[in-house]
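Structure, as structure tokens:
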Amino acid sequence: MSEEITYPLDDELCKKLAVWLCDHALKNASYYVQECRAMLRDYTQNGMNDALLQDIRNASNQPELTKIAAAEMLDGEIRKGISQLALWQQQPRDTNARFFRMKYQQVNWEA
């Protein structure tokens, strides 16, 4: 069962998801974390745009991917990220949780 995503995402969750997505789902795309956050905010407020669709097509090596299918893929990755972040919140001593917090704290969100 997957969690329902409530859009738009609050800013803190959006930041955390940006860090997680750049390390996992978008690691084949060349996003900076701040760009990923901006992309997430835009996506959760306005839906899939053409540039994001093309990035997902390229990253997934699926040039014919539709907007609906790309949105489903991205929503799935966002759900995975939310689930992982919740797990790390419950298990703060987990090694991956510690690395995540370290990466999150290193981001200059004002850049």
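The values are calculated or read from the model by the stated rules, or taken from the named source; none is laboratory data. Everything quoted here is computed from the prediction, not taken from an experiment. Because the Cβ atoms are built from the backbone with ideal geometry, glycine has one as well, and the counts that use them run over all protein chains shown. Just so you know, the surface numbers come from the protein's heavy atoms only, side chains and all, with ligands and any DNA or RNA stripped out. Shrake-Rupley method; radii C 1.70, N 1.55, O 1.52, S 1.80 Å.
Surface listing: TYR104, TYR7 arranged by accessible area from highest to lowest gives TYR7, TYR104, probe 1.4 Å.
Seen against the Cα atoms of the chain and their longest principal axis, helix 50-60 is set at about 70 degrees.
Once the Cα atoms are used to define both axes, helix 11-23 deviates from the longest principal axis of the chain by about 80 degrees.
Note on the chain: the alpha carbon radius of gyration divided by the globular reference 2.2 N^0.38 Å gives 1.05. Most fluctuating residue of ASP42, ASP23, ASP11 in a GNM of the chain with Cα springs under 10 Å: which is it? Top of the fluctuation ranking is ASP11.
Ordering ARG98, ARG41, ARG93, ARG79 by accessible area with a probe of 1.4 Å, largest first, what comes out?
Details: ARG98 125, ARG41 100, ARG93 190, ARG79 70 Å².
Result, largest first: ARG93, ARG98, ARG41, ARG79.
The string of couplings for segment 93-101 from the Karplus curve (6.51, -1.76, 1.60, θ = phi - 60°) is 8, 4, 4, 5, 5, 5, 4, 4, 4 Hz, one whole number per residue in order, with x for Gly and Pro. Counting only DSSP H runs of at least 4 residues, each contributing -39500 (n - 2.57), and dividing by the residue count of the chain, the helix-based mean residue ellipticity at 222 nm comes to -22000 deg cm²/dmol. Each Lys and Arg adds +1 at its Cβ and each Asp and Glu adds -1 at its Cβ; summed about the Cα centre, segment 35-111 shows a dipole of about 440 debye.
Please report the relative contact order for the chain, taking Cα pairs under 8 Å with a sequence separation of at least 6, and give it as a percent rounded to a whole number. Mind showing how you got there, number by number?
Numbers: 71 pairs, mean separation 34.7, N = 111.
Rounded, it is 31 percent for the chain.
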